[in-house]
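The values are calculated or read from the model by the stated rules, or taken from the named source; none is laboratory data. Not measured: the values here are computed from a predicted model. Glycine gets a Cβ as well: all are built from the backbone with ideal geometry, and neighbour counts include every protein chain shown.
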């Protein structure tokens, strides 16, 4: 039984929070934006189409699925900032980076880290994604009719390899976890192995104390294996990144670096900005002294390192898990496979499987159904299910249902994209159904299309209207769909993820189809229900994922 002082404290807190809740003018426990009163704090929450746990915390929290409230929060970046406490608690490997910075410091990071996500970099993403998809497909085919259960780890490997190609210029052969890889003395192979350990033990980043990363070999050997492997990989990765940064800085200075590569582009942009800031005071030729993060506007070596690790974390699990969900859903939805393959066949035609013949500019933008399929995946299975902003200053006003509500400073505003993505009010009566065609406009509006009347007639004659299809915008408003967040701090890697997903899915489906292996006595409909129920039992950690990723087997079947 709780001590009397705890019971009394709870009663007092509950009373205070109830009074505070009434003062906001919001309804209690009903509506899109509502107040939850509990013994520890005042919460303002939401009702959604899914179950949403509201954990106790030390500050007031506001949950909203109201599009106007979401719009206000994202537009007013000086009044609402990303989770301050969460950024302070970020792992040391991510600080200082674009994800941990605020205000003018964040603008400096963003100015340097966003430009590398350009069309030239997307060409690399496209080509490497196709190359990795080829290796992935061959690996899955090799399992024959027995199938495979490794799709989760396989898509993680694929995503890691794509990040390495676009980020560092390394092209690694697709090698499944547990299979023989490159020689141990190869620098890029050791870099890959260390990064893979860090990304697969990402949950340790938030729990490993800082002092542990500074331990020497004589002390590290006494750590539990899980922490030992993590710390050793972290130390080696830091050392390798420092070496890489120094080498690439020299290459950039000599004009030998491929500036379409993320690391090279970030270094070049940082130096360019530093030179702009220090042109009047820096001696000639002093291009690569340590960058002054506070005064020059460029990035220091530590900041370049942190942003590279941030780049890898942001683009790894998110895209890998989206692909994994995609393949499992396709395995029990043959009609959607056929729908995608109709487009893939139309776009690629009889082109050889050689990935070098599939150029980014010519093919990516035509694979609209593949992109629509990704959007529908993200609508139902967003890797991150909640976006949070902190209320700055002494407090801020929000307009809610025509009224002005004052939100105290220090409160948290949570915008559940998962809840928004499922509301029938925005998405229609079938909001909880998987229907990729909701993202396709079959006939573009005349004002939005450059297709001539003759071209339309010719397309009709050829029997294909696929070239006239367009990807539809979110219904109601853009705030009704935000898997990559919104506003100034949206994900700069949005296009990166889209290109990678479309390339991989379109390649995998060219000659084969995916099929879920039935359990004994199952009908196709029972198999379908089993896989769908499994996806609905997903867990949200750093990103959303299956509770048992290797529980069920898939197989590749040659298309007729």
*Within the range 525-549, which residues are in contact with a strand residue (DSSP E or B) (Cβ under 9 Å, 6 or more places away or on another chain) and closer than 23 Å to residue 140 by Cα?*
527, 528, 530, 531, 545, 546, 547
*Run down 531, 542 and say which single residue is surrounded by 14 or more Cβ atoms within 10 Å (Cβ to Cβ) and under 30 Å from residue 205 (Cβ atoms).*
542
*Look at the range 367-412 and say how many of its residues are under 17 Å from the mean Cα position of the chain (by Cα) and within 29 Å of residue 76 (Cβ to Cβ).*
10
*Among the helices (runs of 4 or more DSSP H) lying completely within the range 139-218, list those that include at least 1 residues that are touching a helix residue (DSSP H, G or I) at 6+ places or on another chain (Cβ under 9 Å), touching a residue at least 12 places away in the same chain (Cβ under 8 Å) and under 28 Å from residue 127 (Cβ atoms).*
151-168, 187-200
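Can you work out which of the residues in the range 476-498 that are free of Cβ contacts under 8 Å to residues at least 12 places away in the same chain and assigned to a helix (DSSP H, G or I) is nearest to residue 317 (Cα to Cα)?
Filtering first and then ranking leaves 494.
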*List every residue pair whose Cβ atoms lie under 7 Å apart, where the two residues are 6 or more positions apart in sequence or sit on different chains, the first residue falls within the range 333-355 and is in the same structural domain as residue 438 (by TED's automatic domain parsing), and the second residue, located anywhere, is at pLDDT below 90.*
343/466; 346/464; 346/466; 351/357
*asked:* Which of the numbered conditions does residue 133 fail, given that it passes all the others? Conditions: (1) modelled with pLDDT of 90 or more; (2) not in a helix (DSSP H, G or I).
replied: (2)
*Which condition breaks for residue 224 when tested against (1) modelled with pLDDT under 85; (2) surrounded by fewer than 17 Cβ atoms within 10 Å (Cβ to Cβ)?*
(1)
_Which condition from (1) in a helix (DSSP H, G or I); (2) farther than 29 Å from residue 124 by Cα; (3) touching a residue at least 60 places away in the same chain (Cβ under 8 Å); (4) touching a helix residue (DSSP H, G or I) at 6+ places or on another chain (Cβ under 9 Å) is the one that residue 232 breaks?_
(3)
*May I ask you to verify whether residue 501 is in contact (Cβ under 8 Å) with a residue 60 or more places away in the chain, in a helix (DSSP H, G or I) and under 29 Å from residue 389 (Cβ atoms)?*
yes
*Which residue pairs have Cβ atoms under 8 Å apart, sit 6 or more places apart or on different chains, and have a first residue in the range 266-277 that is surrounded by fewer than 16 Cβ atoms within 10 Å (Cβ to Cβ) and a second that is not in a helix (DSSP H, G or I)?*
275/282; 275/287; 276/297; 277/295; 277/296; 277/297; 277/298
*Just a yes or no: is a residue in the range 516-524 touching a residue at least 12 places away in the same chain (Cβ under 8 Å), crowded, with 20+ Cβ neighbours inside 10 Å, more than 21 Å from the chain's Cα centre (by Cα) and not in a loop (DSSP other than H, G, I, E, B)?*
yes
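Every residue, every condition in (1) at pLDDT below 80; (2) outside the structural domain of residue 304 (by TED's automatic domain parsing); (3) over 30 Å from residue 362 (Cα atoms), yes or no:
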site	(1), (2), (3)
44	yes, yes, yes
53	yes, yes, yes
71	no, yes, yes
81	no, yes, yes
87	yes, yes, yes
102	no, yes, yes
128	no, yes, no
141	no, yes, no
